[in-house]
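To keep things clear, I will list the structure first and then write my remarks on it.
Throughout, read-outs are computed from the coordinates displayed, never taken from laboratory work. Just so we're clear, the structure is a prediction, and the values are computed from it rather than from any experiment. Virtual Cβ from ideal backbone geometry, glycine too; neighbours counted across all protein chains shown.
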Amino acid sequence: MIARTRLLWAPALAGIGVVLGLLSGGCARDMTHLNVTPAQPKHAASFSNGAVAADHRAASEAGAEMLRQGGNAVDAAVAASFCLSVVRPHSCGIGGGGFMVIFVPADERGVERRVVINYREVAPGAVGPEYYTGLDVADGSTFGVHASGVPGTVAGLLHALEHFGTMDRREVLAPAIRAAEEGFIADANHIEAMENIRGKIEDDPARLAMLGDLWERLYKSGEMRIGDRVQNPEQARALRLIAERGAGAFYRGDIADAIVGVMEEGGGPITREDLASYRVRRGEPLRGSFMGHELLTMPPPSSGGIAMIQIFGILERTLDGVELPARGSPLYTHLLTEAMKHAFADRAEWLADDAFVEVPVARLTSPAYIAELASRVDPERTLDDLFAYGSVTPENAQENAGGGTSHLSVVDSSGMAVACTETINLIGGSLVAVPGFGFLMNNEMDDFTTVPGAPNAFGLRQSDRNLPEPGKRPLSSMSPTIVLMDGRVVMVAGASGGPRIISGTSQVVLNALLFGMRAQRGVEAPRVHHQWTPDRLQFEPGSETRALRRAMRGFGHSTDETGTVGVVQAIYVDKHGWKHAASDPRKGGRPAGH
Ligand code: GLY
């Protein structure tokens, strides 16, 4: 049994102070003096002015180009996001949706701004709670015209630019248009996506037909190789229209006509009215705290913010009075796992779009409730009864480790920060290409509870609160997060990877705040994932995990190996203002800045 004495917490806190000091000082001081960065791998870099960490180098460069031209963090994020639509077409794009958290530091009048922009896809007007159970189509919520929500990305990005950016629409769209016209080089992730999509279409001519010319355009009909050039003049055309005419080009013009044309041909639900009535929702971030830091993260319909606040709160309490265990140690991994199991059980039971159903956000994130969850954690053993975590019937479903989605983090020279996560859901989304405009429609409808009681493609069991309704937004795991200390940004992070977004982002933030790991090491370090159901603790392959896995079985966990636990892009800001950025090597991104 762990000795729970407050005194033991003091050296742990002192240790944390030391590592935070290293995080915020050390090397950066030297770099400030020498004005150089030490040798770093390609996926990490430090910048004195502003930094962008996306999961593709071209997108990071697109953002950095805006910063170099005098643009702010939102200009950079919007440029990078549009560029991702071109260079990560299987992950996110103008056929999808996303969330953006923005922090604007205090101006000369002391006015500071904290904002979230919710441009998640919405259920079309024809889609009610029984739409998918009544559908005579196999996999209707994952493939084909029934799977798509009304896209929000174009509205969201242009809203952010108009209200928080400084640059012209044409300027921020220029790098994306260039990437689409001149092309980009296929990397390993592009080829992995091709293989994933090949697996979904090879025995299904109807799915291949939905992809149409885009299968040839993006993947040379399955013959694309690393190093080949990918051009997408059709998406360049869409982006030019958006640059010239704004969001109306997408929601009411030629692009809307093309989307509706595909829907009408396949009997899908999205109409002209659905597109024309799409609106972003703007609000305030969900706020949490961890060891003297303030977290700004995403409220519902994201589950990420609530889950992270619970995970951090449970850990803070279960570590109280304990000498801080090493990252990757059996005790730390067990406590982290228990925290994740509680957070995912609450996700299943309570979370959904709070514009449509009551979600007890204040209660779920209250210190009293989190203390109660922490008190249920046995530091020596996992709880054998899954109902001890939540009352929704757990179901051991198959889980899809993959996932589309893309996260980018930005901090500019003024200290303004953006955390932005966008998705078309699974790799390749619904596999429905919009003819003439070179992009894929999302399959975000599968993030709803499409069949009550059944898990979704990520193996997530969700409640009836998350049933589809016209205009409702599906529950998400996207967790864009900004960490502040004394009103200053110290970290920006977020991830892709379905529910692993939550576990991946949490662990990278904890690596920094608890263990003082800087961007590169904190992002590289192996991670674990548990989503309550399926009841499996999953490990990324890595040297440290074999012994750890044995130890975790000793705590009563069933263990498993998985591919990756999220793909995280993070930036740490040290006390000298240097931005240390890392794009996760798991997807091959590279940060940029100046
Ligand atoms: N589509 C993945 C998510 O939003 O969680």
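Fully extending the segment from Asp384 to Arg229, taken as 0.36 nm per residue of separation minus the present Cα-Cα distance, adds 50.6 nm. With a Förster radius of 30 Å applied to the beta-carbon distance between Asp354 and Ser329, the computed FRET efficiency rounds to 0.20. Rounded to whole numbers, the Karplus 3J(HN,Hα) couplings from phi for region 191-196 are 6, 4, 5, 4, 5, 4 Hz, using 6.51 cos²θ - 1.76 cosθ + 1.60 with θ = phi - 60°, and x at Gly and Pro.
Sorting 412-420, 203-211 by average packing, meaning the other beta carbons within 10 Å per residue, from highest down gives 412-420, 203-211. How many lysine pairs does the chain hold where the Cα atoms are under 24 Å apart and the two sit 8 or more places apart or on different chains? Lysine pair count for the chain: 7.
Counted over the chain, the DSSP beta bridges are approximately 95% antiparallel. The fraction of all Cα pairs in the chain landing in successive 10 Å bins from 0 to the largest distance is 4, 19, 30, 27, 15, 4, 0, given as whole percents. As a rough guide to protection, the peptides 544-555, 229-240, 442-453 ranked by mean Cβ packing within 10 Å, highest first, stand as 442-453, 229-240, 544-555. With the simple model of a label 7 Å out from the Cα in the direction of the Cβ, Glu202 to Val451 spans 2.5 nm. The ranking of Lys472, Lys587, Lys220 from fewest to most other beta carbons within 10 Å of each one's beta carbon is Lys220, Lys472, Lys587. Across region 366-381, computed HN-Hα scalar couplings (Karplus, 6.51 cos²θ - 1.76 cosθ + 1.60, θ = phi - 60°) run 6, x, 5, 5, 5, 5, 5, 4, 4, 5, 7, 7, 8, x, 10, 7 Hz from first to last residue, x flagging Gly and Pro.
Less than 5 angstrom separates the built amide H of Phe290 from those of Leu295, all sequence-distant by 5 or more or on a different chain.
Shown here is the pair-distance distribution of region 54-128: with all Cα-Cα distances grouped in 10 Å bins from zero up to the longest one, the shares run 18, 37, 30, 13, 3 percent. Label-to-label distance for Lys42 and Ala106 is 4.3 nm, based on points extended 7 Å past Cα in the beta-carbon direction. For the chain, averaging the sequence separation of C-alpha pairs within contact (under 8 Å, six or more residues apart) and dividing by the residue count gives a relative contact order of 26 percent.
Its DSSP H runs of at least 4 residues, each contributing -39,500 (n - 2.57), put the calculated 222 nm mean residue ellipticity of the chain at -11500 deg cm²/dmol, to the nearest 500.
Taking 0.36 nm per residue of separation and subtracting the Cα-Cα distance, full extension of the segment from Ser289 to Asp320 would add 9.7 nm. Counted by Cβ distance under 12 Å from Gly516, the other residues give a net charge of +2, where Lys and Arg count +1 and Asp and Glu count -1.
Our coupling estimate for region 62-69, obtained by passing each phi through the Karplus curve with A = 6.51, B = -1.76, C = 1.60 and θ = phi - 60°, is 4, x, 5, 4, 5, 4, 5, 7 Hz, Gly and Pro reported as x. Amide H to amide H distances under 5 Å link Ser46 with Ala581, where only residues 5 or more positions off or on other chains count and H is placed in the peptide plane.
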